[in-house]
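What follows draws every value from the coordinates through simple rules; no lab data is involved. It should be emphasised that the depicted structure is a prediction, and the values quoted were computed from it without experimental measurement. Reconstructed Cβ throughout: ideal geometry from the backbone, glycine too, with neighbour counts over all protein chains shown.
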Amino acid sequence: MKKSLLALAIVLAMAGCSEPEAPQQSQASDAAASAESPLTQAPVSEEATESQRLTAWLDEQFTAELSFSPQRRTRLGDKTDYDKLDDVSEAAMDRLLEWRRNSVAEMRSTFSYEQLSEDAKVSWDIWEYALERAERSEAFRHHDYIFGRGGPHAGLPNFLINFHRVDEASDMDAYISRLTQMDEVMRQYLQRSLRAVEAGVRQPRFGYDYAIAEIDRVTRGAPFTEEGVSPLMGDIETKVTTLLENGQIDQVTAQRMLAQAETALLEQMKPAYDEVLAWLNADRNNTPEDANGVWALPEGEAYYNHRLYLMTTLELTADEIHDIGLAEVARIRAEMEAIKDAVDFEGTLAEFFVFMREDPQFYFPNTDEGRQAYLDLANVYLDAMNLKLPEYFGILPKADLVVRRVESFREQDGAAQHYASGTPDGSRPGVFYAHLSDMNAMPRYQLEVISYHEGNPGHHMQISIQQELTDIPRFRTQYGFTAFSEGWGLYTEALAKDMGFYEDPYSDFGRLATEIWRAIRLVVDTGMHAKQWSEEQAVQYFLDNSPQPEAAVRAEIQRYLTGAGQATAYKIGMLKIQELRATAMTELGDKFDYRGFHDTVLGGGALPMPVLEAQVMRWIERVKQESITQ
């Protein structure tokens, strides 16, 4: 039975499901069903047996799902199909959707929902929910913008450079094999882009400009031009040299690898990039000078509502989200006024914004020394936070975290910092990336809060803990929901205040600046995509209510224009987690424990908001029952 998202919270507490159809068990299901507990142990309950069978089956299904994406396997540290790139054609998208349909059908016919444990029911519901999202997305297959900022033209080089590890000679051969497939992959993306424009879907003109500039940076330098060494060739040379120095290959093999790689870059990659570049330059002329939100696309209103659902996992309307944003902006402005007065600034809040935006004391020098100082200070904040974490969290991440500047070929002035997860086995650390090409767009008073958001206890903690979980099906250690992950990141910014950080009032103002930034997103995202605001109108609203540098504001607004709805997930997710914590505090009184609450939120992996709410409510009831029996 297909459950709606709004019913998930009820479903988790009440085992309502249609009767199973004729069984169609997989090998994993058969094995789990036939397993018997040792005679020395108590008999395994029917609930445990059914839950164990489902977990084994879901692990098998996730392995099958990964077969659709060799690149995803690589990101997880798995070298299966290490010499292949993803098939990104529409035919491949059809095959994956049909596989999801069959998988859910098999689950419904093979297992009894009523016989599952509560946590196994969560797994069932998320597996169904993944299909529901895919089904609802099918109607808008051509609405996503492909060749914009950070598209596959930059994403593929980034993947090979940062995720394709070369530990032995065969890994380099696999790298070269992937280079030879870049033409096919880029042309598949181009074909999908052509289908999109046939359907009347084009991104704003600046998206074309971003892609054109990124392609230039990716293909500048040897072997493409005489201006230095291109990013990919530089990475290849580094990895081949390391193999040579470690004695894993000889000089002849090294030369062969370099020659093969150069041939692939020139004969497979470059022609495909040239085709994409030619199309971008030609189709750019078909875009209007002024950027519009998705309201201007065919079925634009329906598409935007779909995006809001995907990003928030809640059935909120654009008007509801817009109003929440306006209320939050007003609340946070009042707190900013209090800090302005506390530091004895004479002037209006708008004037204080200008002061924070323009005064040199709030910025590192726009030099390599200034960039290194920025990275060093981030590590200072994170080191202090790590000492405090055990007081608020029972589960702590095992994976390492590093702070790093974004690679030059994908760096953008004023672009938002971001996090890239490590591998589940810890062989690759999590990375907090910062765009440092323009230090005048990187205020130091916001660095403390951003460090907590991207590092600990934010994204690094949440994603690392999720990947390290061992008592849930493997897919739940990897699936993500934007409202959960970004809501958690923003939640931890405020949590750090409760933990005693932001001793500098300007850093505390930076915390409010990033929170109002996310509240502004609710207003401008819905404003541009549902209320037909212009790009300049959104920029002005942002500048009127935030100390963010104008370069950063303009980069942000363009990001929202090309990723409709994504920006709303942060604040909506944060508010939901804060609401759940407030409920727990009220219900439990002196029995409330931060570590118990946080471990409940993080201990089940990323969840849709209604599922998370059900999880927290069950925890509250358990704590109540435990206090009665003590």
Inset, instruction - Among the GluC sites (Glu not before Pro) in the stretch 211-268, which ones are in a DSSP loop with at most 10 other Cβ atoms within 10 Å of the Cβ? Mind listing them? - result: Glu226, Glu227
Legend entry - Estimated D of the stretch 152-292 in µm² per second, where Rh is the Kirkwood radius over Cα pairs and Stokes-Einstein applies at 4 °C, 1.567 mPa s: 79
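Stretched out fully, how many nm does the piece from Glu626 to Glu198 gain, at 0.36 nm a residue minus the Cα gap?
Values: separation 428, 0.36 × 428 = 154.08 nm, distance 6.14 nm.
In short, 147.9 nm is gained.
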Inset, instruction - With P(r) over Cα pairs in 10 Å bins from 0, in percent defined as stated, name the option among (1) 2, 10, 14, 16, 16, 15, 12, 8, 4, 1, 1, 0, 0; (2) 3, 13, 21, 21, 19, 14, 7, 2, 0, 0; (3) 3, 14, 24, 27, 20, 9, 2, 0 computed from the structure displayed. - result: (3)
Inset, instruction - Given the peptides 166-178, 121-133, arrange them by the average over their residues of other C-beta atoms within 10 Å, most packed first. - result: 121-133, 166-178
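Which order do the peptides 539-545, 570-576 take when ranked by the mean count of other beta-carbon atoms within 10 Å per residue, highest first? Mind showing how you got there, number by number?
Numbers: 539-545: 18.3, 570-576: 25.1.
Going by the mean number of other Cβ atoms within 10 Å, highest first, we get 570-576, 539-545.
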Legend entry - Simple label model, 7 Å out from Cα along Cβ direction - Asp290 to Arg618, nm: 5.2
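With a/c under 1.5 counting as rounded, go ahead and sort the stretch 464-565 into rounded, prolate or oblate using the C-alpha gyration tensor (a ≥ b ≥ c being the square roots of the eigenvalues; past the cut-off, prolate if a/b is larger than b/c, else oblate). Spell out each step's value before the answer.
Details: a/c = 3.17, a/b = 1.35, b/c = 2.35.
Note, shape of the stretch 464-565 comes out oblate.
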Inset, instruction - Let me know the Kirkwood hydrodynamic radius for the stretch 221-302, please, with Cα pairs as the basis and the value in Å to one decimal. - result: 16.1
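Which value, in Å to one decimal place, does the Kirkwood hydrodynamic radius take for the stretch 549-627 when every pair of different Cα atoms is included? Mind showing how you got there, number by number?
Values: mean 1/r = 0.0688 Å⁻¹.
The Cα-based Kirkwood calculation yields 14.5 Å.
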Legend entry - Separation between Cα centres of the stretch 264-311 and the stretch 220-251, rounded to whole Å: 32
Inset, instruction - Just report the Cα centroid separation between the stretch 123-150 and the stretch 64-103, whole Å. - result: 15
Inset, instruction - Normalising by the residue count of the stretch 356-473, find the relative contact order in percent from Cα pairs under 8 Å and 6+ residues apart. - result: 33
Legend entry - Theoretical ellipticity at 222 nm over the chain - DSSP helices of four or more residues, -39500 (n - 2.57) apiece, nearest 500: -20000 deg cm²/dmol
Legend entry - Under 23 Å from Lys531, Cα to Cα: lysines that are on another chain or at least 8 residues apart: Lys571
Inset, instruction - Kindly give the semi-axes, whole Å and largest first, of the ellipsoid equivalent to the stretch 356-412, taking each as the square root of 5 times a Cα gyration tensor eigenvalue. - result: 28, 17, 10
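Kirkwood hydrodynamic radius of the stretch 302-574 from all distinct Cα pairs, in Å?
Numbers: mean 1/r = 0.0522 Å⁻¹.
Hydrodynamic radius (Kirkwood, Cα only) of the stretch 302-574 equals 19.2 Å.
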Legend entry - Val354, Val449 arranged by Cβ crowding within 10 Å, fewest neighbours leading: Val354, Val449
Legend entry - Partner lysines for Lys388 [C-alpha distance under 22 Å; skip if fewer than 8 residues away on the same chain]: Lys398, Lys497, Lys591
